[in-house]
1. Dipole of the chain, Cα-centred, from +1 at each Lys and Arg C-beta and -1 at each Asp and Glu C-beta, to the nearest 20 debye?
2. Would you please put 51-62, 214-225 in order of how densely packed they are, using the mean number of other Cβ atoms within 10 angstrom per residue and starting with the highest?
3. Return the sequence-ordered ³J(HN,Hα) values of region 19-36 in whole Hz as given by the Karplus equation 6.51 cos²θ - 1.76 cosθ + 1.60 applied to θ = phi - 60°, using x for Gly and Pro.
4. Based on the Kirkwood radius over alpha-carbon pairs, what value in µm²/s does the Stokes-Einstein equation return for the translational diffusion coefficient of region 6-256 at 20 °C and 1.002 mPa s?
5. P(r) of region 99-149 in 5 Å steps, Cα pairs, percent per bin?
6. Amide H neighbours of W166 under 5 Å, counting only residues 5+ apart in sequence or on other chains, H built in-plane at 1.01 Å?
7. Across 10 Å bins from 0, what is the distribution of all Cα-Cα pair distances for region 78-191, in whole percents?
8. Can you pull a Stokes-Einstein diffusion coefficient for region 165-221 at 20 °C (1.002 mPa s), Rh from Kirkwood over Cα pairs, as a whole number of µm²/s?
Amino acid sequence: MTELYTEMQYPHWCVNPYALCDFRCVYCCTNAQGKSTPLMSAADAVEETRRRLREIPEPRYFILGGFSDAYPPVETEFCITRAIVEELVRAGQRFGIVTKGDLVLRDLDLLMAHGDRAWVQVSICSVDDSVLRKLDPGAPSGTARFAVIRELHREGVRVGLNVLPWIPDVTATEALIARVPADVEIVLGPLSFGDGKDSRRLMGRLFTADEVTHRYMQEYRRLGHYPNTSWIRPAPAGTNNNARHRLPRLPTPEAAKRAGVPG
């Protein structure tokens, strides 16, 4: 899938307009759950964006919402994310957005104008709205998020489905793949545990790192042949929650077999 994820070769810069995140995902590995609070005003965010564009050398790639969602409900009031997106579009800068928020549709005009230099990844790890209410209690429903994907896709915006985290017996991989158009890019990655941890309790069940990795790799071998999927390689011990750890992609199962790479 190297032709899909060309941005992965660029140095990444994470843009977080808000400290903490109203969506309060129970599996969050960034410890960002809490009331979404602006880190600066929209005007200051524009100036900071301009400064970073002057100082950071090319090639570069900006990601909005990598640690706390860039489209919490309060964005309707503060419009900080929109101000940053406007500046990135004005500068012709490639960027990506990772969000669970349906408010991203408000900025459809900017995203459409930027073509394939903008990439929106909508995070959904289950097709079951009742499960998502427990996992992402403050976020829009999965039904609403799938509607965001369809709308962005219909308008020609480059959009992907972000299946992070993939959770055994929670994430119905085939059903998720079936819910989006065949040319929507899908990124999958296993549940994180945090540095020095090898287990965690989620939805009343104990998950171990060994179990998640084993089940995830089984699913990859079963479904990794889908041409629009990209599977993140499970992190080595000690780097599971390290922000500096790269997220290399697994080859397709067929390519791995041809290369003699063990599954």
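Every number in this text was worked out from the coordinates using simple rules, so none of it is lab data. Everything numeric here is computed off the predicted structure, so don't read it as measured data. As a convention, Cβ positions derive from the backbone with ideal geometry for all residues, glycine included, and neighbour counts pool all protein chains shown.
1. 600
2. My ranking of the peptides, most packed first, is 214-225, 51-62.
3. With the stated coefficients, region 19-36 comes to 7, 6, 8, 5, 6, 6, 5, 6, 9, 3, 9, 10, 6, 9, 6, x, 5, 5 Hz.
4. The estimated diffusion coefficient comes to 115 µm²/s.
5. Percent of Cα pairs in each bin: 4, 21, 29, 19, 12, 9, 5, 0.
6. Amide H neighbours of W166: G189, L191.
7. 14, 46, 30, 10, 0
8. 172
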